[in-house]
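**Q** Here it is, the structure, as structure tokens.
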Amino acid sequence: MLSTHSSAGRGGPPILGGHLHVTGGHLWVEHCDTVALAERFGTPLYVVSEAQLRANCQMLRAAFERHWPVGRVELLPSLKANYVLAIRELLNDEGVGCDVFGGNELNAALRAGVPAARISVNGSAKSAPLLRASVVAGANITLDSAYELESLLAIVTELGKTARIRLRIRPDHATLTERSDFFPDMAIRDAAQLYKPGIEPTTARALGRRALSHDRIELTGLMTHLGRHSADPGVWAKMAAGFGETVAELCNAWAPWRPRELDIGGGFPAPRDPTDPDRRPAQPIDRYAEGVAVALRSALVHGGIDPDGIVLQLEPGRSLFADAGLHLSRVCHVKTQTRPVASTWVEVDTTEMFMPDLLLEHAYFRPVFASRAESPDVAPVHIVGISCNFDLIARDVPAPRVVAGDIVAFLDTGAYQDAAASNFNVLARPGTVLVSGNRARLVKRHETLEEVLSRDEPRAPFTTL
Ligand SMILES: Cc1ncc(COP(=O)(O)O)c(C=O)c1O
């Protein structure tokens with residue numbers, strides 16, 4: 001393990017920081033000892049820091065406001081990254097809306113009390129019931145195809161209601177020749193064309209005309225989302241320039257229409273950037289904000305569009321949630337061998353199934369030996385999980401002398417890890433604790449075996465077809 005006090009490399013931020021610190025040999029989140037959290041709530045366990053989440057919200061908003069002085073900045077954090085309802089309620093308190101993908105996310109957002117006017121309903125091949133529910137709730141709909149627009153036109157006509165829509169655009173991104181972190185053998189511009197959402201500009205032009213000709217449709221803006229192909233702020237600036245050029249072209253084709261809002265989606269890296277292939281930390285968020293906002297503004301002006309008054313929206317997922325969360329596990333057993341190669345496996349009671357970005361994005365969630373955070377390292381170990389896979393959560397990490405019962409924390413698991421965890425090996429998924437100062441509450445309980453098996457119908461009768 002990297003020393004908890006060392007720098008994460010290349011002049012980046014210290015490994016701990018924000019609301020994580022070491023006191024009395026233990027890792028703490030705000031004013032809660034993680035060893036005490038593990039004892040009180042059981043492991044494995046997701047932990048989220050309220051203070052870190054709120055600080056991230058404020059920092060993201062402030063960074064983009066600094067560089068987008070021409071209009072308001074709105075955060076629409078991606079619900080998919082973390083849909084624990086209590087956590088979403090904190091975000092309501094911060095005055096932020098959300099991006100939802102599909103009907104169940106819309107339902108969850110409304111249950112958590114997100115005002116409908118602050119919701120952007122995204123999704124692939126949106127069904128008529130989803131479009132109808134969005135119109136009835138009064139949410140904004142981010143359309144992804146002509147098929148969705150035609151379906152929506154029929155719904156608003158039938159309901160006699162107006163729908164606020166935006167078109168999700170996929171610019172050509174011809175200048176993005178840099179390598180994608182998701183697809184290392186591809187340029188971002190090619191990888192972006194594999195990604196199903198978004199409407200290419202020529203089709204968008206026709207769709208916009210159709211939308212603008214209908215009196216029950218209000219076209220309020222345009223949206224795009226590149227995704228975390230790169231942590232280079234220069235790439236983000238190019239992405240924003242490409243979006244701005246496409247927006248200007250569409251505005252000129254639809255004159256005198258002007259967007260009220262432009263939504264640049266998410267994809268900005270989290271500070272320690274667990275997805276970086278070289279394990280380098282990200283640049284400060286201000287660099288991304290500056291790159292994006294300046295390039296977008298200048299592309300609009302260059303295309304003859306005055307950006308004054310345009311609301312800039314962003315949909316952070318990882319950059320908002322990741323470092324507000326960590327995952328706690330307990331050491332079950334330390335297994336060693338001396339031949340044919342000397343190895344030590346620290347077997348913990350969690351798994352990559354509960355941190356699926358280890359597999360999906362080859363992420364690295366830095367381990368911290370939370371109950372021995374100030375003990376000297378003695379030898380490298382592999383930290384392994386309880387599933388039947390390789391389940392190599394962290395490989396070759398310098399470690400202090402560890403025994404069964406010790407607590408290991410994995411950093412930066414606040415985005416997507418709970419949301420995408422699976423029940424492989426009939427494993428019941430962990431609960432989530434929300435820490436606030438020196439208090440903590442279990443805001444999502446641990447799953448039970450009964451719940452894992454609850455959809456099975458072993459004695460279901462056959463139906464003859
Ligand atoms: C439309 C949209 N917005 C925002 C996000 C959040 O992305 P990230 O977590 O990389 O910031 C996603 C993620 O896939 C997305 O699809």
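**Q** Could you tell me the calculated FRET efficiency between residue 66 and residue 343, based on Cβ-Cβ distance and R0 = 45 angstrom, to the nearest 0.05? Could the numbers behind the result be given before it?
**A** On the way: r = 50 Å, r/R0 = 1.10.
For residue 66 and residue 343, the calculated efficiency is 0.35.
**Q** Which percent of Cα pairs goes in each bin when the distances of segment 135-187 are cut into 5 angstrom slices starting at zero?
**A** 4, 16, 18, 16, 8, 9, 9, 9, 7, 2, 0
**Q** For the chain, what number of Lys pairs, 8 or more residues apart or on separate chains, have alpha-carbon atoms under 19 Å from each other? Walk me through the numbers before you get to the answer.
**A** Working: 80/126; 80/196; 80/444; 126/161; 126/196.
Close lysine pairs found across the chain: 5.
**Q** Based on C-alpha coordinates, I'd like the Rg and Dmax of the chain, in Å.
**A** According to the Cα coordinates of the chain, Rg and Dmax are 23.5, 76 Å.
**Q** Sort the following peptides by mean Cβ neighbour count (other Cβ atoms within 10 Å, averaged over residues), highest first: 264-277, 127-140. Show your work: numbers first, answer last.
**A** Numbers: 264-277: 23.7, 127-140: 18.6.
In descending order of packing, they fall as 264-277, 127-140.
**Q** Taking R0 as 41 Å, what FRET efficiency do you get between residue 110 and residue 209 from their Cβ-Cβ distance, rounded to the nearest 0.05? Before the final figure, lay out the partial values.
**A** Numbers: r = 32 Å, r/R0 = 0.78.
Taking R0 as 41 Å, the efficiency between residue 110 and residue 209 is 0.80.
**Q** State whether segment 412-452 is rounded, prolate or oblate according to the following rule on the C-alpha gyration tensor (a ≥ b ≥ c being the square roots of its eigenvalues): a/c under 1.5 gives rounded; otherwise a/b larger than b/c gives prolate, and the remaining case gives oblate.
**A** Numbers: a/c = 3.86, a/b = 1.65, b/c = 2.34.
Oblate, since a/c reaches 1.5 and b/c is not below a/b.
**Q** Obtain the radius of gyration and the Kirkwood radius of segment 158-244 from its C-alpha atoms and give Rg over Rh.
**A** Working: Rg = 15.6 Å, Rh = 14.3 Å.
Looking at segment 158-244, the ratio lands at 1.09.
**Q** Quick one: divide the alpha-carbon radius of gyration of segment 244-391 by 2.2 N^0.38 Å and tell me what you get. Intermediate values should be presented prior to the final figure.
**A** Numbers: Rg = 23.2 Å, N = 148, 2.2 N^0.38 = 14.7 Å.
This ratio for segment 244-391 stands at 1.58.
**Q** Using +1 at the C-beta of Lys and Arg and -1 at the C-beta of Asp and Glu, which of 203, 163, 112 has the Cα lying farthest in the positive direction of the dipole of segment 68-316?
**A** 163
**Q** Could you pull out every whole DSSP H run in the chain that spans at least 18 Å of Cα extent along its own axis and averages 0.0 or higher on the Kyte-Doolittle scale? Write down the numbers at each step before the final one.
**A** Details: long enough: 50-67 (26 Å, -0.68); 146-159 (20 Å, 1.01); 233-253 (30 Å, 0.46); 285-302 (25 Å, 0.57).
Long hydrophobic helices here: 146-159, 233-253, 285-302.
**Q** For the residue pair residue 464 and residue 137, what label-to-label distance in nm results when each label sits 7 Å from Cα along the Cα-to-beta-carbon direction?
**A** Label at residue 464, label at residue 137, 4.4 nm between them.
**Q** Here's a follow-up. Based on Cα positions only, what radius of gyration and what Dmax would you give for segment 68-316, in angstroms?
**A** 17.5, 54
**Q** Quick one: 50, 451, 352, fewest Cβ neighbours within 10 Å first, how do they rank? Can you show the working numbers first?
**A** Values: 50 21, 451 13, 352 25.
Least to most surrounded, the residues fall as 451, 50, 352.
**Q** Shifting gears a bit: With a point put 7 Å past each Cα toward its Cβ, work out how far residue 157 is from residue 252 in nm, to one decimal.
**A** In this crude label model, residue 157 to residue 252 measures out at 3.4 nm.
**Q** Which value, in debye to the nearest 20, describes the size of the charge dipole of segment 347-465 about its Cα centre when Lys and Arg Cβ atoms bear +1, Asp and Glu Cβ atoms bear -1, and nothing else is charged? Provide the component values of the computation, followed by the final result.
**A** Working: 11 positive and 17 negative charges, 76 e Å.
With Lys and Arg at +1 and Asp and Glu at -1, about 360 debye.
**Q** Another question, then. Which order results if 432, 448 are arranged by neighbouring Cβ count within 10 Å, fewest first? Present the calculation step by step, with values, prior to reporting the outcome.
**A** Working: 432 24, 448 11.
Going from sparsest to densest Cβ surroundings: 448, 432.
**Q** With Cβ to Cβ distances under 12 Å as the rule, what net charge do the other residues near residue 131 carry (K, R +1; D, E -1)? Walk me through the intermediate numbers first.
**A** Working: positive: 126, 132, 161; negative: 144, 148, 150, 158.
Overall, the nearby charge balance is -1.
**Q** Counting Lys and Arg as +1 and Asp and Glu as -1, each charge on the Cβ, what is the dipole of segment 68-316 about the Cα centre in debye, to the nearest 20?
**A** Values: 28 positive and 31 negative charges, 97 e Å.
For this selection, approximately 460 debye.
Values in this text are rule-based calculations from the coordinates and carry no lab data. Predicted, not measured: the structure shown is a model, and the values here were computed from it. Don't worry about glycine lacking a Cβ; one is built from the backbone with ideal geometry, like all the others, and counts go over all protein chains shown.
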